[in-house]
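To keep things clear, I will list the structure first and then write my remarks on it.
The values are calculated or read from the model by the stated rules, or taken from the named source; none is laboratory data. As the structure is a computational prediction, the values presented were derived from the model and not from experiment. Here the Cβ positions follow ideal geometry from the backbone for every residue, glycine too, while neighbour counts run over all protein chains shown. SASA here: full protein model, heavy atoms, side chains in, ligands and nucleic acids out. Shrake-Rupley method; radii C 1.70, N 1.55, O 1.52, S 1.80 Å.
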Amino acid sequence: MTKTLPFSDRFMQVMEEHKADFYANPFIQAMIAGEVNPEALLYYVQQDYRYLGHYLPLYEQVCQTLTGQTIDAEVADDDREYAAHKILLDLAETDDKSIQEGKYPNSTVTDQYVNHMTKSVEKDPFIGLVALAACPYDYAYLADLLIRDGLIKPDNPFMPWVGYYRGIDKGLTRPMLALVNQTAEQVSPEVQEEALAAFIQSTKYENQFFLQGMEATK
């Protein structure tokens, strides 16, 4: 009998199909070149801070529904990505006061992405989980790609940031993928396909999320 592959293996195919789009993104291109744009970095961190403020409660809600348990404090802290934000803020030579004070609006992309995740969670907990999984998975996979393809060198100023996310088998990504694969076995093929479509849409938003900072600070 042929063993069924884990559902999360399909995420790899999605990222390989979208790799060229990520590599063509001006934010990623600047990162590869080691070019620091302080305004774009600050814009990105501000919007990511806002995004994560919605992401964590949605992930908590999905976990409660699917497992009856809350996420532990270590996972919650990891999900806020303080360390990753500090790397970019240090490169931009600024602090986080502007982020915490909140004197900036949400971008259209941020609101659209949050709305997509919220609707996915409301539609079905598994679909919601997979929509949410794109964030940690895509970052981890993209980090691996950049290093694997030799595009981020050890002396690149963004290497610590890329290294922070590297590896789909660690951090938040590992338990999330385990829950995805466990739950996938309990839902219909139709729900699985809807979930994969939600993952693809989230992946497109991830690419737009990188792009928006460059466009807003031209």
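Taking region 111-126 and a reference point 7 angstrom along Cα→Cβ of Ala178, the backbone N atoms nearer than 20 Å belong to 126. If the segment from Glu122 to Met12 were pulled out straight at 0.36 nm per residue, it would be longer than the present Cα-Cα gap by 37.1 nm. The region of the chain that goes longest without hitting one of the GluC sites (Glu not before Pro) in a DSSP loop, each with at most 16 other Cβ atoms within 10 Å, is 94-184.
Coordinate range of the alpha-carbon atoms in region 117-218 per principal axis, descending: 47, 32, 19 Å. Working from the Cα coordinates of the chain, the gyration tensor eigenvalues give, after taking √(5λ), semi-axes of 28, 20, 16 Å in decreasing order. The radius of gyration of the Cα set in region 1-67, together with its Dmax, comes out at 17.6, 56 angstrom. May I ask you to derive the FRET efficiency for Gln112 and Glu60 from their Cβ-Cβ distance with R0 = 22 Å, giving the value to the nearest 0.05? Efficiency for this residue pair is about 0.50. Extending 7 Å from Cα along the Cβ direction at Leu5 and again at Asp21 yields two label points whose distance is 2.0 nm. Annotation: for a label point projected 7 angstrom from Cα along Cα→Cβ of Asp90, residues of region 147-169 with backbone N closer than 17 Å are 154-166.
Using a 1.4 angstrom probe, figure out how much accessible area the chain has per residue, in square angstrom, rounded to the nearest whole. Dividing the accessible area of the chain by its residue count gives 50 Å². Rg/Rh for region 89-148 (Cα atoms only, Rh after Kirkwood) is 1.10.
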